[in-house]
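These notes are about the structure you will find just below.
Derivation of every value follows stated rules applied to the coordinates shown; laboratory data play no part. Keep in mind that what you see is a predicted model, and the values were worked out from it rather than measured. Backbone-built Cβ (ideal geometry, glycine too); neighbour counts: all protein chains shown.
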Ligand SMILES: Cc1cc2nc3c(=O)[nH]c(=O)nc-3n(C[C@H](O)[C@H](O)[C@H](O)COP(=O)(O)O)c2cc1C
């Protein structure tokens, strides 16, 4: 039997929503003011529409990276693999060297950096932005898509990075 409904406090929300396993992406762009790479780890990424091709992610209002991505007007969603866990943690922890590998990375048509060894790259123009509580819901129109050889994805579940092989049971 499921537990009875609980009040929607923040820790309950986190605990309950954490039971929804997601992939992890790195949303990258080039800040037009400084001409430097910027990146935001996001597990809120999802596909929205095939025709026209649209995707979305949610950007926290407190994010320092989102305003930079927003003013560039475009971004690349880099799908992370297990092998990106360390760099992912470094970017979330704002380690000073964490964006180093984006400086020399290949760029998409819009100029946004493409993370080396990502599982897939989805390049987008910002289509619309919707207010959504303490986040903004960003709809991106896909302008280019690329896929790499299949490798194990980085998975976020219950507030932790997990390996697909260890998440069962
Ligand atoms: C697994 C994981 C998923 C995250 N997903 C999102 C997300 O979807 N949207 C978001 O704004 N921040 C997300 N964050 C937090 C950001 O990556 C980032 O740490 C925070 O927004 C600070 O943003 P800033 O580096 O742009 O200042 C996530 C963090 C982790 C560890």
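Among the criteria (1) within 17 Å of residue 57 (Cβ to Cβ); (2) part of a loop (DSSP other than H, G, I, E, B), the one residue 131 does not fulfil is (2). Would you check if residue 122 is within 18 Å of residue 67 (Cβ to Cβ) and either out of contact with any helix residue (DSSP H, G or I) (no Cβ under 9 Å at 6 or more places or on another chain) or in a strand (DSSP E or B) (or both)? Judged against the criteria, residue 122 is not a match.
Does residue 73 satisfy the criteria of being within 19 Å of residue 44 (Cβ to Cβ) and surrounded by fewer than 17 Cβ atoms within 10 Å (Cβ to Cβ)? Give the steps one after another, and end with the answer.
Details: within 19 Å of residue 44 (Cβ to Cβ): no; surrounded by fewer than 17 Cβ atoms within 10 Å (Cβ to Cβ): yes.
Here the answer is no, as residue 73 does not meet what is asked.
Within the stretch 27-112, which helices (runs of 4 or more DSSP H) (wholly inside it) include 2 or more residues that are within 15 Å of the ligand (Cβ to nearest atom)?
Numbers: elements: 66-72, 85-92, 100-103.
Answer list for the stretch 27-112: 66-72, 85-92.
Taking the criterion of being more than 14 Å from the ligand (Cβ to nearest atom), in contact (Cβ under 8 Å) with a residue 60 or more places away in the chain and surrounded by fewer than 16 Cβ atoms within 10 Å (Cβ to Cβ), the only residue of the stretch 130-144 that qualifies is 143. In the stretch 147-157, of all residues being under 20 Å from residue 41 (Cβ atoms) and within 17 Å of the chain's Cα centre (by Cα), the one that is farthest from the ligand (Cβ to nearest atom) corresponds to 152.
Could you tell me which residue of the stretch 14-40 is nearest to the chain's Cα centre (by Cα), considering only residues that are surrounded by fewer than 20 Cβ atoms within 10 Å (Cβ to Cβ) and within 17 Å of residue 112 (Cβ to Cβ)? Step by step, filter the stretch 14-40, then rank; the result is 31.
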